[in-house]
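Q: Structure incoming, see below.
Rule-based calculations on the coordinates, nothing more; no lab input. Given the structure is predicted, the values throughout are model-derived calculations rather than measurements. Cβ placement follows ideal geometry from the backbone for every residue including glycine, while neighbour counts extend to all protein chains displayed.
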């Protein structure tokens, strides 16, 4: 349904895409995961005919994105930060406008707008500029679905949304996928790719640095991490030594936060292993008399994914993101 | 209800569809006006306000030939200025659509690519017709009078022709600067460009070289031609450009349109670079 080969985009000396290959089958959801500036949006803009590739080729729904752009436009829906709705029009006026521009005719455009408004819970009369973040994103989603496109592009559909709105968007997307729509999703959030995508391509600095199912990627990345915060900073080294006994890789310590962080990879599919490691480490700490203030078993954050995949190459991006509240953490408090 | 995209070979011809899409995009602006009527009212009130300020506050200080009232001179100048103000209206709309992603939304849809520009042109021309109508009414209210109807119609035609040419300058600048903040700079330049003309005072009262620049300002040709066709007295002036006001009021806009329509269309097509 969607094929890209050696897609490159350069602006003068700056290279936004260094040659990307993609294959997304009918009805599949492919996630492009990467930090800001990785080239995700450039890829989407090329595949949606908004941008011409410098080199390489791509086809969407069987049509070449450069030579058959108008056929491609008839086969896609675009939802994202860069293809917005008119903020001075109401949701209904926006959807009617887009329906007319899809040549549905006035009556069908009106009917389709009414149907989408109901389906996406957008029965609100004010201009779209006054919508809440979540409503606005649902309207974007509806705008991308005017003609039930066979291929839907979701460019960071939940960036900046609160958790509830994010979950709501995820539900809508899952509904679409179950109807057989092929989806290319870009996201900065590992969790989002994990929840929605069948396959994930990790993009960094314009190239795909890793590819696989979310499960494969996580296994490849050294799996989950065990975080401990000790009550007494003096005993940090002692705690680190105990954690190292159960860890699957080098253990990191941070004296400021009195935190020990240890990778705890189990064999593939052995979800129970990490919990066993957790109980073992806690028991060992208790035996040694090291008091623990906080403990968490969590998936790697996107920062750690990138650091692992790029061997520190994306350290700048990771540092930029450090301290961002949007980390993927499952805490046990 | 499942909606599939209609077949490529619809009953409409390509041209018909392009025009229909253009009108659909233009209608978007009409809906904006209906949603926010105050914006339209203030937009039309602005030139009226400027006219009253100039006419009543500064008008007494200007020597007007043939003993006519200053408004008789001011009104055709203000009509021309109002066409000039249209430039930022166009640029603002173009940059806002680009910045908000509306342009990209349109470009990702199976509509005629020209519709974005055609729609902008139609909507902005309608907007300028409204503003000009409001100002003509204001002129009549303060005592300005055209001498005959056919002449007045021709003058209005030339004013709108100038507006049409500035439309493409506005589209070009909008596509070029992209950033809505940049429009403020343009707005600041609009008044000096407008003042550097025969709209408010006679170029003969300016320093020689500046007066020549003012006379060759396309706005001056349109305003001088409008004064002539409205039957209102003009500033005169013996230069070639001043004596060929009507042909130049046709030639300037055609030249500007030819250059800037070409540049705009090229830049729009190159948005995918």
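Q: Label residue B:126 and residue B:39 with points 7 Å out from Cα along Cα→Cβ: what is the distance between them in nm?
A: Label-label distance for residue B:126 and residue B:39, simple model: 1.4 nm.
Q: Anyone know which of B:127, B:35, B:232 comes out most mobile in the 10 Å Cα GNM of chain B?
A: B:35
Q: Take every residue in peptide A:92-101, count the Cβ atoms of other chains within 10 Å of its Cβ, and give the average of those counts.
A: Whole-number average of other-chain Cβ neighbours for A:92-101 is 5.
Q: If I model the protein assembly as shown as equal point scatterers sitting on the Cα atoms and use the Debye formula, what is log10 I(q)/I(0) at q = 0.06, 0.07, 0.12 Å⁻¹?
A: Debye intensities relative to I(0), on a log10 scale: -0.46, -0.58, -1.14.
Q: Moving to a separate point now. Per residue of A:70-79, what is the mean number of Cβ atoms on other protein chains within 10 angstrom of that residue's Cβ?
A: Counting Cβ atoms of other protein chains within 10 Å of each residue's Cβ and averaging gives 4.
Q: Just rank A:70, A:165, B:221, B:264, fewest to most, by other beta-carbon atoms within 10 angstrom.
A: Ranked by crowding around the Cβ, least crowded first: A:70, A:165, B:264, B:221.
Q: If each residue of separation counts as 0.36 nm, what is the full-extension length gain between residue B:64 and residue B:254 once their alpha-carbon separation is subtracted?
A: 65.3 nm
Q: Can you give me the Kirkwood hydrodynamic radius for chain A, using every pair of distinct Cα atoms, in Å to one decimal?
A: Hydrodynamic radius (Kirkwood, Cα pairs) of chain A is 21.8 Å.
Q: Also: What share of Cα pairs, in percent, lie more than 16 angstrom apart in the range B:185-246?
A: Cα-Cα pairs of the range B:185-246 separated by over 16 Å account for 39 percent.
Q: Taking every DSSP beta bridge that has both residues in the protein assembly as shown, what percent is antiparallel when rounded to the nearest 5?
A: About 65 percent, rounded to the nearest 5.
Q: While we're here: Please give the average number of partner chain Cβ atoms lying within 10 Å of the Cβ of each residue in A:231-237, rounded to a whole number.
A: Partner Cβ neighbours, averaged per residue: 0.
Q: Assuming a viscosity of 1.002 mPa s and a temperature of 20 °C, what translational diffusion coefficient in µm² per second does Stokes-Einstein assign to chain B, Rh being the Kirkwood radius over Cα pairs?
A: Roughly 108 µm²/s, to the nearest whole number.
Q: Here's something else I'd like to know. If you take every DSSP beta bridge fully contained in chain A, what fraction is antiparallel? Give it as a percent rounded to 5.
A: Beta bridges within chain A, antiparallel portion: roughly 65 percent.
Q: With the alpha-carbon atoms as the only input, what is the per residue convex hull volume for the range A:19-72 in Å³?
A: It comes to 85 Å³ per residue, whole-number rounded.
Q: For an R0 of 45 angstrom, estimate the FRET efficiency from the Cβ-Cβ distance between residue A:179 and residue B:30 and round to the nearest 0.05.
A: Given R0 = 45 Å and the Cβ-Cβ separation, E is 0.80.
Q: Okay, next question. Sort B:176-186, B:158-168 by packing, meaning the average of other beta carbons within 10 Å per residue, with the highest value first.
A: B:158-168, B:176-186
Q: Please give the peptides A:229-236, A:140-147, A:53-60, A:195-202 ranked by average Cβ packing (other Cβ atoms within 10 Å per residue), highest first, as a rough proxy for protection.
A: Listed from highest to lowest mean packing, they are A:140-147, A:195-202, A:53-60, A:229-236.
Q: Take every Cα-Cα distance within the range A:132-184, group them into 5 Å bins from 0 onward, and report for each bin the whole-number percent of pairs it holds.
A: Calculated over all Cα pairs of the range A:132-184, the distribution is 4, 21, 34, 25, 13, 3 percent.
Q: Picking from A:13, A:218, A:40, which is most flexible by a Gaussian network model of chain A using Cα springs under 10 Å?
A: A:13
Q: Suppose each label sits 7 Å from its Cα in the direction of the beta carbon; what would the residue B:266-residue A:10 distance come out to in nanometres?
A: Spacing of the two 7 Å Cα→Cβ label points: 2.4 nm.
Q: Something else about it: Going by Cα centres, the range A:103-172 and the range B:169-239 are how many Å apart?
A: Taking the Cα centre of each part, the range A:103-172 and the range B:169-239 sit 46 Å apart.
Q: At a Förster radius of 30 Å, what calculated FRET efficiency corresponds to the Cβ-Cβ distance of residue B:187 and residue A:110, to the nearest 0.05?
A: The value I calculate is 0.20.
Q: How many nm is it between the label spots at residue A:119 and residue A:252, if each spot is 7 Å from the Cα in line with the beta carbon?
A: Between residue A:119 and residue A:252, the simple spin-label model gives 4.4 nm.
Q: Taking the radius of gyration and the Kirkwood hydrodynamic radius from Cα positions alone, what is the Rg/Rh ratio for the range B:132-201, to two decimal places?
A: That ratio is 1.07, to two decimals.
Q: Which FRET efficiency value, to the nearest 0.05, do you get for residue A:66 and residue B:179 by plugging their Cβ-Cβ distance into 1/(1 + (r/R0)^6) with R0 = 22 Å?
A: 0.20
Q: Please work out whether the range A:96-249 counts as rounded, prolate or oblate from its C-alpha gyration tensor, where a ≥ b ≥ c are the square roots of the eigenvalues and a/c under 1.5 means rounded, while otherwise a/b larger than b/c means prolate and anything else oblate?
A: It is prolate, given that a/c is not under 1.5 and a/b is the larger ratio.
Q: Which one of B:119, B:238, B:174 has the biggest mean-square fluctuation once chain B is modelled by GNM with Cα springs under 10 Å?
A: Its mean-square fluctuation being the largest, the pick is B:238.
Q: Mean separation of Cα pairs under 8 Å and 6+ residues apart, divided by the residue count of chain B: what relative contact order is that in percent?
A: 26 percent
Q: As a test, work out the antiparallel percent of DSSP beta bridges whose residues both lie in the range A:45-155, rounded to the nearest 5.
A: 45 percent
Q: Going by how many other beta carbons lie within 10 Å of each one, how would you line up A:242, B:256, fewest first?
A: B:256, A:242
Q: Could you tell me whether the range B:72-212 comes out rounded, prolate or oblate from its Cα gyration tensor? Rule is a ≥ b ≥ c as square roots of the eigenvalues, rounded for a/c under 1.5, then prolate if a/b exceeds b/c, otherwise oblate.
A: Since a/c reaches 1.5 but b/c is at least a/b, the shape of the range B:72-212 is classed as oblate.
Q: Taking neighbour counts of Cβ atoms within 10 Å as a proxy for exposure, in what order, fewest first, do B:269, B:17, A:5 appear?
A: Least crowded to most crowded, the residues run B:269, A:5, B:17.
Q: Quantify how much of the Cα-Cα distance distribution of the range B:41-88 extends past 12 Å, in percent.
A: 63 percent
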